[in-house]
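One structure is given below, encoded as structure tokens.
The values are calculated or read from the model by the stated rules, or taken from the named source; none is laboratory data. Fair warning: this is a prediction, and the values are worked out from it, not measured in the lab. Cβ placement follows ideal geometry from the backbone for every residue including glycine, while neighbour counts extend to all protein chains displayed. Accessible surface is based on the protein model in full, side chains and every heavy atom, while ligands, DNA and RNA are left aside. Shrake-Rupley method; radii C 1.70, N 1.55, O 1.52, S 1.80 Å.
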Amino acid sequence: MTENLSILGSTGSVGTQALEVVDELNIPVDALAANSNINLLEKQIRKFFPSKVCVYDEKSAKILKDNIKDTSTKVYSGMDGLCDIVSKNSSDTVLTSISGMIGLVPTLEAIKAKKNIALANKETLVVGGEIVTREAKKQGVKIFPVDSEHSAIFQCIQGIESPQDIKRLILTASGGPFFGKKLSELKNVTVHDALNHPNWTMGKKITIDSATMMNKGLEVIEAAWLFNMDPQQIDVIVHRESIIHSMVEFKDNAVLSQMGIPSMKVPIQYALTYPERKISSSQSLDFTKYNKLTFYEPDCETFKCLKICKDAIKIGGTMPTAVNAANEEAVSLFLNGKISFLQIQEIVEFIFKNHKPQKINSLYDILNTDENIKKLVLKKFNSN
């Protein structure tokens, strides 16, 4: 069980829920990090008394430093600050819930400092799976999944002695707000429409990814690295109710699932208390209220990002990094009103078809690919 925690992304959806769990379990917090929401971060500082915090935005960091000068908390900024607070602290576990590619470098630094990782930032393994898993093995640290789907799989395989006993992993997907829609019906989708998720309350980026089903594609890649599985052994099924969080089928065709109401607090808590289970304030599952569970094949013709991600991990090298970079930039453009909803997957598909993947020899190869792809997307698709 975690004895002292640091949280990257403490003001986001996962981060705030993690602090609720921390408060309930009385886990000390040594470091916190946020992008620019210094108002909420200040409240967290005054409640949890971290020794250090990082605000990625340097101007906001200076304001916060002045606002909390009556405390003993030290304020850092930028990428260097993120790396400093995760590598130079008393925490045994770092929860990484920063959204996007930005989480890779500080996660690697935390691993090198021999911190266990509670991973909510799927892009870390999507773009750097080979490097991250190799470094974790080298340093003897554990990576505990926080995504509800990967936590479900992690819970289902406890006690399984041989990986060969696993036939396949089955990731469940809600289908997002546009389940059942065809391309012609998605032409005039607004940002508000895309952010209206039926089951989960999440950050903007991951909610848009859910609407395009890119999120599930990224989760396939993440699962391949987390559980050392061939991508061919990972399936996706649409489960609208989001009660079954994922399943594992074994070689004897028995299937285990992990179930619960849609709440991130359960997977967050399990990642922090493993191998123990603690009482949770999360709502208990009442089966009489969910007496019908449905399952559908994903529509990969309308939602192309899922298949693109599956193909990207099969190709390997820098291809997953490229499609992830294309998606990050495309989602940003959509949220800022620069492109249409359907253009997100058009951009991802364009990069997939035109990127020439290279073998990843170092962190530089990943960072360089990410930077070049994002520049290309802005140059070619930013009409404003």
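In the context of the full set of protein chains, the stretch 107-244 has a per residue accessible area of 39 Å² (1.4 Å probe). Modelled spin-label separation between Glu301 and Met79, with each label point placed 7 Å from Cα along the Cα-to-Cβ direction: 4.3 nm. Rounded to the nearest 20, the Cβ-based charge dipole of the stretch 185-315 about its Cα centre (Lys and Arg +1, Asp and Glu -1) stands at 360 debye.
Classify the chain as rounded, prolate or oblate, taking a ≥ b ≥ c as the square roots of the eigenvalues of its Cα gyration tensor: rounded when a/c is under 1.5, otherwise prolate if a/b is larger than b/c and oblate if not.
Verdict is rounded for the chain.
Annotation: peptides 334-340, 77-83, ranked by per-residue average of other Cβ atoms within 10 Å with the highest first, follow the order 77-83, 334-340.
Binning all Cα-Cα separations of the stretch 82-211 at 5 Å, short to long from zero, yields these whole-percent fractions: 2, 9, 16, 17, 16, 14, 12, 8, 4, 2, 0. Were the residues from Leu25 through Asn361 laid out at 0.36 nm apart, the gain over their Cα-Cα distance would be 116.9 nm.
In whole percent, and with a 1.4 Å probe on the protein chains, what portion of the accessible area of the chain is carbon and sulfur? Working shown, then result.
Details: 8430 of 17330 Å².
Ligands and nucleic acids excluded, carbon and sulfur give 49 percent.
Can you work out ³J(HN,Hα) from phi for every residue in the stretch 129-145, in order, using Karplus 6.51 cos²θ - 1.76 cosθ + 1.60 and θ = phi - 60°, giving whole Hz and x for Gly and Pro? Whole-Hz 3J(HN,Hα) from phi for the stretch 129-145: x, 5, 5, 5, 5, 5, 5, 4, 5, 4, 8, x, 10, 9, 10, 9, x. Taking θ as phi - 60° and the Karplus parameters 6.51, -1.76 and 1.60, the scalar couplings of the stretch 277-285 work out to 10, 10, 4, 10, 7, 4, 5, 6, 7 Hz in sequence order, x denoting glycine and proline. Computed from the Cβ-Cβ distance with R0 of 30 Å, the FRET efficiency linking Glu161 to Glu3 stands at 0.60. This model, with +1 at the C-beta of Lys and Arg and -1 at the C-beta of Asp and Glu, gives the chain a dipole about its Cα centre of some 580 debye. Taking amide H as placed 1.01 Å from N in the peptide plane, Lys52 has its amide H under 5 Å from the amide H of Leu32, Lys74, each at least 5 places away in sequence or on another chain.
Distant-in-sequence amide contacts of Ala173, defined by a placed amide H-H separation under 5 Å and a gap of 5 or more residues or a different chain, comprise Ile237, Val238, His239. Distant-in-sequence amide contacts of Val29, defined by a placed amide H-H separation under 5 Å and a gap of 5 or more residues or a different chain, comprise Leu5.
Peptides 93-103, 297-307 ranked from most to least packed by the mean count of surrounding Cβ atoms within 10 Å: 93-103, 297-307.
Please label the shape of the stretch 55-99 as rounded, prolate or oblate, based on the square roots a ≥ b ≥ c of the eigenvalues of the alpha-carbon gyration tensor (a/c under 1.5 means rounded; beyond that, a/b larger than b/c means prolate, else oblate). All intermediate terms of the calculation are to be shown ahead of the outcome.
Working: a/c = 2.24, a/b = 1.41, b/c = 1.59.
Oblate, since a/c reaches 1.5 and b/c is not below a/b.
Sort the following peptides by mean Cβ neighbour count (other Cβ atoms within 10 Å, averaged over residues), highest first: 169-182, 360-373.
On the way: 169-182: 20.4, 360-373: 16.5.
Highest to lowest by the protection proxy: 169-182, 360-373.
Residue-wise HN-Hα couplings along the stretch 197-203, as the Karplus relation 6.51 cos²θ - 1.76 cosθ + 1.60 with θ = phi - 60° gives them from phi, are 6, x, 10, 10, 9, 9, x Hz; Gly and Pro carry x.
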